[in-house]
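A short worksheet on the structure shown next.
Values quoted throughout were computed directly from the atomic coordinates according to the rules given, and no laboratory measurement underlies them. Predicted model only: the values in this text are computed from it and were never measured. In this analysis, Cβ positions are derived from the backbone assuming ideal geometry, glycine residues included, and neighbour counts consider all displayed protein chains.
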Amino acid sequence: MEIGVHHGRLFILLALLTRDDEYALAVDLFDMQDRNVDRSGAGDIAVFRANLARYAPAAQVQILQGDSVELASSIIDDHRGMRYISVDGGHLRSTTASDLRVAEALAVKGAIVSLDDIYRVDWSGVTAGLALYFKSGGRLVPFCLSPNKVHLTTSPEWARTYASRLRSMFNTNRSIEFFDFDDVLSIDEEDRWTCDNLSGIGAPRHQSVEAAELANAAPGELEEMSAIPPRDDGSAYRRCAPLASANSSGA
Ligand SMILES: C[S@@+](CC[C@H](N)C(=O)[O-])C[C@H]1O[C@@H](n2cnc3c(N)ncnc32)[C@H](O)[C@@H]1O
C-alpha cells in the first residue's frame with residue numbers, strides 16, 4: 001500500500017511484488033489537487049493508470065482517490081493486513097501523523113512502514129509529524145534510515161531482525177540515535193549492496209514482460225514517472241540481475 005502515489009514510481013514496484021492472493025492499494029488526492037495544501041507533488045490519475053497499464057497490467061490494484069486524513073477510518077476498516085506501507089502523501093505534521101496511525105492500524109506483524117522525506121528542511125512537517133505520532137502513542141519501531149526515508153516495523157524484535165539482515169546486506173554497522181530509539185541502522189548513499197545478497201528474497205509474482213521492460217527502461221523513461229530527476233551520473237537507476245536469478249531459481 002502507498003499513501004501518496006503520484007505517477008506510481010514506487011507503487012508499481014509494490015504492485016509487482018504482490019502475491020496471487022494480495023492486492024496493492026493506492027491512495028492519493030490524484031485529481032483533487034485543490035486539496036493538496038502543502039503541494040507535495042501533484043498526483044494525476046490518468047498518468048498513474050497509464051503507467052500501471054504499461055508496467056503492471058496483471059497486478060491486482062485498488063485505487064482510492066481522496067484526502068488520506070478524511071479517508072483514514074474507512075481505510076482502516078476496509079484494508080487491514082498490509083505487509084508493506086509507503087507513507088509519502090501530504091507532508092504536513094498533522095497529515096503525516098494521521099497517515100502513520102493508519103499505517104500502524106493496517107500493518108500485520110512484521111510489516112514495514114517507510115516514511116519518505118524524513119529530516120528534510122524543506123519538508124519539515126514530515127519529521128514533526130513523526131514526532132507527533134510518537135508523542136501521541138505511536139507504536140511503530142524505527143530500524144533503519146536510508147537516504148530520504150526512515151523504515152519502521154511493528155515490534156522491537158522485528159526491528160532487530162530487519163536491521164541485522166540489512167547490516168549484513170550492506171556490510172555496515174553504522175547506528176544513530178533517532179527520537180527515543182538508540183541503535184537505529186543508518187545506510188547512506190555511499191553504501192552498496194551486491195546483487196548476490198538478494199538470493200532468497202522472492203521475485204515479484206507479476207514479473208514478466210512488463211517487469212522486464214521496467215527493469216530495462218532507459219532512465220529517461222522512468223523519469224517520466226516522477227518529478228525527481230535522476231542523478232547526474234545516472235546512478236539512480238542502477239541495473240543488476242537479482243530478479244532474473246531469483247526468478248530462474250523459482251523463488
Ligand atoms: C511526493 S508525491 C509521491 C511520490 C511517490 N511516492 C513516488 O514514488 O513517486 C506526494 C503525493 O501525495 C499526494 N497527496 C498530497 N496530499 C495528500 C493527502 N492529504 N491525501 C492523499 N494524497 C495526498 C499528492 O497528490 C502527490 O501525488
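Worth a mention:
- Enumeration of residues in region 25-37 that are out of contact with any strand residue (DSSP E or B) (no Cβ under 8 Å at 6 or more places or on another chain) and surrounded by 15 or more Cβ atoms within 10 Å (Cβ to Cβ): Asn36
- For region 137-157, the criterion of being basic (Lys, Arg) and surrounded by 14 or more Cβ atoms within 10 Å (Cβ to Cβ) is met by at least one residue.
- When region 62-106 is limited to residues that are more than 11 Å from the ligand (Cβ to nearest atom), among the hydrophobic types (A, V, I, L, M, F, W, C) and in contact with a Leu (Cβ under 6 Å, 6 or more places away or on another chain), the one that is nearest to Arg9 (Cα to Cα) turns out to be Met82.
- Residue match in region 29-42 (condition: within 9 Å of the ligand (Cβ to nearest atom) and within 14 Å of Val61 (Cα to Cα)): no
So that you can scan it fast, the table gives a plain yes or no per residue for (1) over 22 Å from Met32 (Cα atoms); (2) in contact (Cβ under 8 Å) with a residue 40 or more places away in the chain:
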site	(1), (2)
Leu71	no, yes
Gly81	yes, no
Val108	yes, yes
Gly125	no, yes
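- Residue within region 3-16 that is more than 10 Å from the ligand (Cβ to nearest atom), under 12 Å from the mean Cα position of the chain (by Cα) and farther than 16 Å from Val69 by Cα present: yes
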